[in-house]
């Protein structure tokens with residue numbers, strides 16, 4: 001493989017890693033603020049178990065923040081390889097790329113938000129209640145910033161029509177996708193490791209209660225994704241035939257197909273997962289299939305970012 005090919009692969013991988021990192025950060029915040037308060041732990045001391053779950057959520061959230069920074073570094077390397085002029089000093093080229101382009105401002109925002117998220121999740125692990133609450137608040141701000149950063153270089157920003165609605169829809173789309181995928185990942189993470197608590201198994205009801213709290217949130221995100229995705233598809237692909245003939249349309253069609261399959265598994269999990277969990281005491285395999293499909297969707301999305309839409 002040539003160096004240009006390696007740079008292209010690194011750029012795609014970087015975008016994929018960044019998107020996954022944003023989802024994990026959003027999932028950790030959503031789990032802590034909106035899911036965990038609704039979980040019923042039964043006869044065990046809830047405060048101590050919640051503390052353990054919070055600690056695991058902060059660790060995974062911190063990992064997501066690191067992924068954002070690492071992925072952003074890969075993207076910078078790809079951009080430098082693509083646009084560097086061999087007859088100009090590298091420092092000048094990098095300065096122009098980072099500080100003189102809209103891509104650079106978006107990249108700076110992403111790096112700053114990733115660093116803020118890493119510090120926020122570290123602070124959220126502190127024993128002090130005030131520090132922990134401050135950390136979660138900063139983590140929430142970082143997630144909002146991470147959702148806005150991709151809009152700085154999105155296709156909606158250079159669309160011929162409906163620029164502001166397109167950018168707003170893009171941000172909402174990123175938030176909804178990140179909350180759905182990230183929360184599912186966090187639940188899977190804490191469920192696989194927290195099988196025991198001080199010498200005995202936790203009552204299985206806590207996991208059933210967790211899934212019950214997550215399901216309506218996931219359904220709401222699915223509705224938002226369908227609405228914003230339909231608007232973005234109309235904005236960037238005006239003719240249905242282009243879904244089959246244009247590279248952007250083909251990748252978008254592949255993404256839509258994966259989303260439909262993932263939504264089908266999500267619907268199954270909404271209807272059947274709690275019963276399966278009550279019987280087996282663990283998450284059903286369909287949940288892991290749903291999460292695997294989510295990772296595939298993020299991979300396709302990473303390729304869409306740099307594929308010119310036919311409507312532009």
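Every number in this text was worked out from the coordinates using simple rules, so none of it is lab data. These figures come from a predicted structure and were not determined experimentally. Please note: Cβ atoms are built from the backbone with ideal geometry, for glycine as well, and neighbour counts cover all protein chains shown.
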Query raised in the report: Stretched out fully, how many nm does the piece from residue 227 to residue 289 gain, at 0.36 nm a residue minus the Cα gap?
Result: 19.9 nm
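Just subtract the alpha-carbon distance of residue 234 and residue 250 from 0.36 nm times their residue separation and send over the number in nm, one decimal.
Working it through step by step, the gained length comes to 4.3 nm.
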**Report entry** Exposure proxy ranking, count of Cβ atoms within 10 Å, fewest first, for 35, 130, 172
**Finding:** 130, 172, 35
Report summary line: From fewest to most C-beta neighbours within 10 Å, the residues 192, 19 line up as 192, 19
Query raised in the report: Quick one: if you stick a label point 7 Å off each Cα along the C-beta vector at residue 48 and residue 102, how many nm between them?
Result: 5.5 nm
**Report entry** Residues 128, 233, sorted so that the one with the fewest Cβ neighbours within 10 Å comes first
**Finding:** 128, 233
Report summary line: Simple spin-label estimate for residue 127/residue 81, 7 Å along Cα→Cβ, in nm, reads 4.8 nm
Query raised in the report: Based on the mean of other beta carbon atoms within 10 Å per residue, what is the order of 178-187, 256-265, most packed first?
Result: 178-187, 256-265
Report summary line: FRET efficiency (residue 144, residue 257; Cβ distance; R0 30 Å; to 0.05) is 0.50
Query raised in the report: Label residue 112 and residue 168 with points 7 Å out from Cα along Cα→Cβ: what is the distance between them in nm?
Result: 2.4 nm
Query raised in the report: For residue 137 and residue 296, what does the FRET efficiency come to when R0 = 30 Å and r is the distance between their Cβ atoms, rounded to the nearest 0.05?
Result: 0.35
